[in-house]
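Heads up: the structure comes next, in structure tokens.
Quick note: the coordinates plus some simple rules give every number you see, no bench work behind them. Quick caveat, the model's predicted, so the values are computed rather than measured. All Cβ positions, even for glycine, are placed from backbone atoms using ideal geometry, and neighbour counts span all protein chains on display.
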Protein chains: 2
Amino acid sequence: MVRPIRPILSRARICAAALAIVDRDGLGELSMRKLAGELGVQVSSLYEHVRTKDDVLHDVANTIMESVDVSAFETRDWRHAVASWARSYRAALAAHPHIVPFLAYGPARREASLRRADAVHGGLVGAGWPPRYATMIGASTKYLVIGSAMTSFARGFEGEAQVYVERYAHLMDAHRLRDHADTIDRDSFELALEMFLDGLDRLHTRVATPQGSVEGA
Amino acid sequence: MVRPIRPILSRARICAAALAIVDRDGLGELSMRKLAGELGVQVSSLYEHVRTKDDVLHDVANTIMESVDVSAFETRDWRHAVASWARSYRAALAAHPHIVPFLAYGPARREASLRRADAVHGGLVGAGWPPRYATMIGASTKYLVIGSAMTSFARGFEGEAQVYVERYAHLMDAHRLRDHADTIDRDSFELALEMFLDGLDRLHTRVATPQGSVEGA
DNA sequence: ACCTGAACACCGTTCAAGT
DNA sequence: ACCTGAACACCGTTCAAGT
């Protein structure tokens, strides 16, 4: 292998390669040695650019979180904003199911997450929600998205489906079953979101301050 | 060390010791060697009783899931049943926060989980919900519990809190902050649950079959 | 500055051997 | 049946050394 004049490695290249491995092989299959191998480099070279494996995963998680769209909070339609944020959030996780456990587990001190949280909170307060409720609505919505992502994407990598396949093998094949599970998951998420928003709608008329009024921090 | 006449090890003892380590040191700190060490035994002895480390963790997860109370579904008050199931479920996870990532990630083919799922589904159908809605309500509630457990218990082991502590060190100490975070999490969970149930209440009057009528499987 | 090669202290799991 | 001790093929991370 020819020694390159310019550096092979960079933080961004390492992050991209790590995401590719996680997406392809799963979170448990990511190792620094494999990562180095795919980049055509020795393991220890990675440590010139990243502090630790955890560091790499945080980078990956940050990248994914950056694709979550919170722009709808710039309007005053809080209901639509929460719904579109939640759907965008869920879609971002669905695009990289294998990393969800890390993303959900790790503390939310990732920059991208904090910035999104600010947008959500600000948007809700701007729409008349008291700050305390804005915080709770943000947290609740996150629960729904994370919970949905965890339980639905976790399924199917191994388990559950097989149980039903064995039991009802004559009824439907695995492929149809997987599609069915995906539909149930999406529908359940949408139902929860709609019911939650319906409930909030009625609460809003009781607790919201008139729009435009100033709220204490 | 004296060689005992009767067996030292058993599946139950291994499971109990594993849970103790996970609760005390965290999921990442559980290793077969440490487990063996605490049981006063060599690593390889464990493999006489369990097939794999994953096997041990599934046992632990099953134990925890067995403490979830679904007895409220024996009544016809579906709203109270869902609420008390959700709270019991969340409490069970709160009692063993470190294992939540495993519990949430692993496919739900654990026996205890499946039996609970049956009780929930049956109870909702008995209360007049069409089977399709019963499935979705069960899934949605699970999302909320898992999401709440993941995001709230994940925080605090490292991260987030520290950020605020550094920033607002003069405002409050870490202890008060942790309490505050716990309160926010509980309140957010309760808000989401109430709003969800409020939404469902109105839906119920539109889609439910008269109680006592027979539903197709 | 960037990468190498060897080493350290760990893993989960297996297996022949002892009692 | 139950446990031991050694081994295998892995980990993440460090560090002196090369260019």
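Remarks
- Shape call, region B:1-144: gyration tensor on alpha carbons, a/c limit 1.5: prolate
- Label distances, nm, B:GLU74 versus same residue in remaining copies, Cβ-directed 7 Å point: 5.7
- Axis-nearest residue of A (beta carbon) for the A-onto-B rotation, whole Å: A:GLY147, 1
- Summary for B:SER45: label point 7 Å along Cα→Cβ; distances to the equivalent points in the other copies, ascending, 4.7 nm.
- Loop trypsin sites (Lys or Arg not before Pro), region A:63-129, which have at most 13 other Cβ atoms in a 10 Å radius of their Cβ (DSSP): A:ARG76
- Counting only lysines at least 8 places from A:LYS142 when in the same chain, those with an alpha carbon closer than 23 Å to its own are B:LYS142.
- Across the identical copies, the label point of B:ALA12 (7 Å from Cα in the Cβ direction) is separated from its matches by 6.0 nm, in order from shortest.
- Taken over region B:11-62, the convex hull of the Cα atoms encloses 65 Å³ per residue.
- Shown is the FRET efficiency for A:ALA112 and B:GLU48, computed with R0 = 35 Å from the Cβ-Cβ distance and rounded to the nearest 0.05: 0.15.
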